[in-house]
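The structure is given below, and queries will be raised subsequently.
Computed from the coordinates by the stated procedures, all read-outs in this text should not be read as laboratory data. Fair warning: this is a prediction, and the values are worked out from it, not measured in the lab. Don't worry about glycine lacking a Cβ; one is built from the backbone with ideal geometry, like all the others, and counts go over all protein chains shown.
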Amino acid sequence: MEIRVPELKALFFVKSFEGDPSHHRSNEPLPGTKVVGRRIRVVFKDGEVMVGTTQGYDRSRPGFFLVPLDAAGNNERCFVVAAATKEVGFV
């Protein structure tokens, strides 16, 4: 299957395809969790906000990897497509 990156919001690497509908997202790491990389906050054009860490954000590149701070969530990491973002900043 061909995937056109400019048409994506992000590519999500998930723990399961079912997810957990009862999970309430947190923008804080679990106590005792080692945080690697710089904390970053991403606001997508559709209004969704993700907070996580990155080791390779560069505004001139087409995208970057983000590891969500919410370790209990279904997303292990994601590739954020820069064109799909409204705002990106370090926190």
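Would you kindly work out the equivalent ellipsoid of the chain from its C-alpha gyration tensor and give its semi-axes, the square roots of five times the eigenvalues, largest first in whole Å?
Semi-axis lengths for the chain are 21, 17, 12 Å.
Follow-up question, since we're still on this one. To make sure I understand the rule: partners must be lysines, Cα under 26 Å from the Cα of residue 15, and not fewer than 8 residues away in the same chain. Which ones qualify?
34, 45
Could I ask something else about it? In the chain, if the dipole is taken from +1 on Lys/Arg beta carbons and -1 on Asp/Glu beta carbons about the Cα centre, which of 14, 90, 73 is farthest to the positive end?
With unit charges placed on the Cβ atoms, the residue in question is 90.
Name the residues of region 64-82 whose amide N is less than 13 Å from a point 7 angstrom out from the Cα of residue 45 along the C-beta direction?
81-82
So if a site counts as exposed when it's one of the trypsin sites (Lys or Arg not before Pro), its DSSP state isn't H, G, I, E or B, and it has at most 10 other Cβ atoms within 10 Å, what's the longest stretch of the chain without one?
Longest gap between qualifying sites, sites excluded: 60-91.
Given springs between every Cα pair under 10 Å in a Gaussian network model of the chain, which of 52, 32, 73 has the largest fluctuation?
Maximum fluctuation in the GNM of the chain, among the listed residues, is at 32.
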